[in-house]
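Data block below; observations after.
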Amino acid sequence: MAHIRTQVFDGPGRPLRLVEHTGGVELAPGEALVALRLATICGSDLHSFDGVRETAAPCVLGHEGIGHVVQQNDRVDCEDGDRVTWSIADTCGHCAPCTRHDLPEKCVQLFKYGHAALDDGTGLNGCFATHVVVRRGTHMVRIPKGLSDAAAAPANCALATAVNAVSQISVPPRVAVVQGGGLLGLYTCALLREAGAESVLCIEPAPARQALAERFGATPIDGGDLDRATEEVLQRVGPADVVLEMAGVRAVLTQGMRLLRNGGFYGLVGLVHPDSDLPIRAEDVIRRCLTLRGVHNYAPRHLDAAVAFLSRNATRLPFDELVSPPFPLTELAAAFDAARERTWARVGVVST
Ligand SMILES: [Zn+2]
Ligand SMILES: [Zn+2]
């Protein structure tokens with residue numbers, strides 16, 4: 001039997017607990033035991049760890065990751081030894097959100113890896129561990145050989161969410177503006193270019209992220225002064241067909257509204273916290289015929305598209321440079337400290 005350990009989170013401000021799991025794991029039909037190869041710390045993990053976001057505790061945090069299937073019970077989409085990623089959400093496949101609404105990410109029986117309580121199922125529910133149990137209703141995707149662990153690890157949260165956001169735009173835009181050059185923003189720049197956008201501009205205050213945005217296909221705009229950045233975009237390319245908010249900061253909303261042309265599309269993706277009041281008049285939305293669309297997580301097809309996108313662009317785009325050299329699982333607290341410094345788009349954690 002595999003030697004299983006988890007880093008248990010007991011709540012903000014409390015030390016992490018490395019727990020050894022003695023005894024085996026009973027897999028129910030449809031479940032797979034995956035040995036993690038690399039996990040990455042998503043912004044929402046950091047928010048949970050720091051107490052900015054409410055999370056069931058105790059729990060095992062971590063939802064971005066990849067691993068090897070070591071055991072599975074009656075799954076048709078994987079075999080022992082496969083290197084895989086899996087959807088962040090486990091869903092029932094039958095409820096209205098799963099079927100009629102095309103929003104499985106809002107399933108009435110939703111289970112999210114890295115957010116579920118320790119007493120839910122086997123307890124192997126998160127990626128900051130040596131192993132995770134992938135459930136029956138979770139979409140699993142094999143990772144092609146040419147992709148590194150670092151490139152593939154953030155696919156099942158950040159990249160698949162970016163794929164979902166870009167998929168909401170029906171026609172390739174002439175001008176697309178991405179607000180924020182974090183991981184979501186960088187992926188989105190590259191996805192927009194691939195989707196045929198003529199001009200992609202990324203508004204971001206940090207110089208290092210501006211440089212990365214350029215490498216991911218965008219024209220970087222210094223977002224240190226939001227008003228000046230707005231003027232610069234309008235002068236360079238005129239009003240935007242599409243603005244995608246990936247910054248997570250409320251101050252950018254006014255800018256986004258100013259940048260849009262009549263009939264424009266505003267995708268809201270990053271502001272997933274309560275400090276997100278919209279400074280918007282309904283009259284503006286109506287008179288300017290705007291579309292506002294919220295995007296939270298994604299459906300299985302977006303994860304398939306995310307892995308295919310990585311595969312197509314593995315040698316062209318510097319995916320590996322987005323992830324730090326990995327921290328060992330035993331040093332998860334230090335890994336969180338490194339994530340807080342924001343030097344890397346993602347900090348990696350390995351289970352060995
Ligand atoms: Zn995430
Ligand atoms: Zn459902």
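The values are calculated or read from the model by the stated rules, or taken from the named source; none is laboratory data. This is a predicted model, so every value here is computed, not measured. Glycine also receives a Cβ, built like all others from the backbone with ideal geometry; neighbour counts cover every protein chain displayed.
Odds and ends about this structure:
- Within the stretch 18-44, the residues that satisfy the criterion of being touching a residue at least 24 places away in the same chain (Cβ under 8 Å) and more than 27 Å from T343 (Cβ to Cβ) are H21, V25, E26, L27, A28, P29, G30, E31, A32, L33, V34, A35.
- Elements of type strands (runs of 3 or more DSSP E) contained in the stretch 110-218, each with 1 or more residues being in contact with a Gly (Cβ under 7 Å, 6 or more places away or on another chain) and under 30 Å from V70 (Cβ atoms): 131-134
- Residue within the stretch 173-180 that is among the charged types (D, E, K, R) and closer than 30 Å to D82 by Cα present: no
- Selection of helices (runs of 4 or more DSSP H) fully inside the stretch 256-352 by the criterion of at least 2 residues being within 20 Å of the chain's Cα centre (by Cα) and modelled with pLDDT of 95 or more returns 300-313, 332-341.
- Residue check, P104 away from ligand 1 (no atom under 16 Å from the Cβ), outside the structural domain of G217 (by TED's automatic domain parsing), crowded, with 23+ Cβ neighbours inside 10 Å and at pLDDT 95 or above: yes
- Taken over the stretch 84-96, residues that are more than 16 Å from ligand 1 (Cβ to nearest atom) and either assigned to a loop (DSSP other than H, G, I, E, B) or more than 15 Å from L303 (Cα to Cα) (or both) amount to 6.
- Within the stretch 97-113, tally of residues that are aliphatic (A, V, I, L, M), farther than 17 Å from R301 by Cβ and more than 8 Å from ligand 2 (Cβ to nearest atom): 0
- Long-range neighbours under 9 Å by Cβ, at least six apart or interchain, first residue closer than 25 Å to L147 by Cα within the stretch 47-68, second within 16 Å of ligand 2 (Cβ to nearest atom) and part of a strand (DSSP E or B): H63/K112
- Qualifying residue in the stretch 14-34 (condition: touching a Cys at 6+ places or on another chain (Cβ under 7 Å) and either more than 16 Å from ligand 1 (Cβ to nearest atom) or of a type outside the set (K, R) (or both)): yes
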